[in-house]
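Read the structure below first, then the notes.
The values are calculated or read from the model by the stated rules, or taken from the named source; none is laboratory data. None of these values were measured; they are calculated from a predicted model. Reconstructed Cβ throughout: ideal geometry from the backbone, glycine too, with neighbour counts over all protein chains shown. In case anyone asks, the SASA skips ligands and DNA or RNA and just uses the protein heavy atoms, side chains included. Shrake-Rupley method; radii C 1.70, N 1.55, O 1.52, S 1.80 Å.
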Amino acid sequence: MSDPVEQPALTTVPTALLRKRRQLNKERVARAVEKKLQDQKKAGKAKAPFKRAEYFVNESYRSTMNTKRMGRLKHTIAKVPESVSILFVMRITTVRGPMPQSVRKILQSLRLNELNNAVVVKRSDKMIEMLRVVEPYITWGYPSLRSVHNLVFKYGYGQVKDEKVALSSNTIIENTFSEQGMLCIEDLVKQLYEVGQHFDAINKFMCVFKLTPPKGGFRRVATPFKQNGAWGNRAEKINSLIRKML
């Protein structure tokens with residue numbers, strides 16, 4: 001009969017050491033909680049970024065100039081031919097520092113948050129008044145069917161299941177707008193140019209056009225187009241600008 005196998009002796013930890021470890025763990029947790037509370041207090045007391053005196057001077061100057069410009073607009077009327085049904089609007093300049101709140105809100109509503117962003121919008125009296133408020137930051141005009149066609153085919157993107165997708169296939173249009181009777185990109189272009197009954201749905205579906213700046217950039221961006229500058233209404237001449245940026 002073989003001898004029984006001896007079992008290894010179990011290692012034991014002194015009770016005093018276990019108590020010490022437990023106490024250290026409690027202190028470590030307490031310190032972590034205290035640090036988190038202190039970080040939250042510091043975050044709440046974070047100081048506003050320092051602004052130099054020039055910032056407030058520029059803010060006051062721009063606000064004054066914008067108020068004067070808005071006052072002049074009340075005495076002028078923007079003449080847009082009744083035959084025009086859509087407008088092409090593009091952001092051409094920005095400013096460092098403050099911007100009038102009314103201007104900022106309109107640019108955001110038009111999705112013109114970056115330079116060379118462009119959109120096609122319905123012509124209406126309200127829209128024309130909005131464009132006049134932000135005119136020093138944009139240029140706009142009356143796009144032709146060919147311009148709309150080229151914009152959609154070269155720079156057209158849409159939101160498909162929260163993803164930005166290039167409109168490179170008729171399948172995308174068919175899958176998105178088949179219930180509205182649109183089966184190809186040409187149908188979409190026609191709806192945009194003629195302001196069809198599905199214009200709003202298309203505008204919501206499409207992303208802004210992100211164009212490339214014209215060669216040499218925009219010149220005299222602080223001067224209106226009618227004075228050989230860049231901003232403001234270009235009427236039909238907007239089409240030549242679009243061709244340069246395609």
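So the check is Cβ under 6 Å with 6+ separation or different chains; which pairs have a first residue in the range 123-134 that's over 16 Å from residue 91 (Cα atoms) and a second one that's of a type outside the set (D, E, K, R) and part of a loop (DSSP other than H, G, I, E, B)?
Note: pairs meeting the criteria are 123/84; 123/85.
Of the residues that sit in the range 192-214 and are closer than 20 Å to residue 150 by Cβ and over 24 Å from the mean Cα position of the chain (by Cα), which one is least open to solvent (accessible area, probe 1.4 Å)?
Looking at residues that are closer than 20 Å to residue 150 by Cβ and over 24 Å from the mean Cα position of the chain (by Cα), I get 196.
Residue 122 is checked against (1) under 30 Å from residue 189 (Cβ atoms); (2) at pLDDT below 90 and fails just one. What number does that condition carry?
That leaves (2) as the condition not met.
Could you tell me whether any residue of the range 109-116 is of a type in the set (Ser, Thr, Tyr), farther than 23 Å from residue 240 by Cα and under 24 Å from the mean Cα position of the chain (by Cα)?
Looking through the range 109-116, at least one residue is of a type in the set (Ser, Thr, Tyr), farther than 23 Å from residue 240 by Cα and under 24 Å from the mean Cα position of the chain (by Cα).
Which residues, taken from the range 157-171, are surrounded by fewer than 21 Cβ atoms within 10 Å (Cβ to Cβ) and touching a helix residue (DSSP H, G or I) at 6+ places or on another chain (Cβ under 8 Å)?
158, 159, 160, 165, 170
Being in contact with a helix residue (DSSP H, G or I) (Cβ under 9 Å, 6 or more places away or on another chain), on the phi > 0 side of the Ramachandran plot and exposed (fewer than 15 other Cβ atoms within 10 Å of the Cβ), is that true of even one residue in the range 215-228?
For the range 215-228, residues in contact with a helix residue (DSSP H, G or I) (Cβ under 9 Å, 6 or more places away or on another chain), on the phi > 0 side of the Ramachandran plot and exposed (fewer than 15 other Cβ atoms within 10 Å of the Cβ): present.
Name every residue in the range 101-135 that is assigned to a helix (DSSP H, G or I) and open to solvent by less than 40 Å² (accessible area, probe 1.4 Å), in order of residue number.
Result: 103, 106, 107, 127, 128, 131, 132, 133, 135.
Which residues, counting only those in the range 137-155, are among the basic types (Lys, Arg) and either over 16 Å from residue 116 (Cβ atoms) or assigned to a strand (DSSP E or B) (or both)?
146
Is there any pair linking a residue in the range 217-239 that is within 17 Å of residue 143 (Cβ to Cβ) to one that is in a loop (DSSP other than H, G, I, E, B), with Cβ under 7 Å and at least six apart or on different chains, and which?
Close Cβ pairs satisfying both conditions: 235/142; 236/142; 238/142; 238/143; 239/143; 239/144.
Report whether or not residue 142 is touching a His at 6+ places or on another chain (Cβ under 9 Å) and of a type in the set (Phe, Trp, Tyr).
Criteria not met by residue 142.
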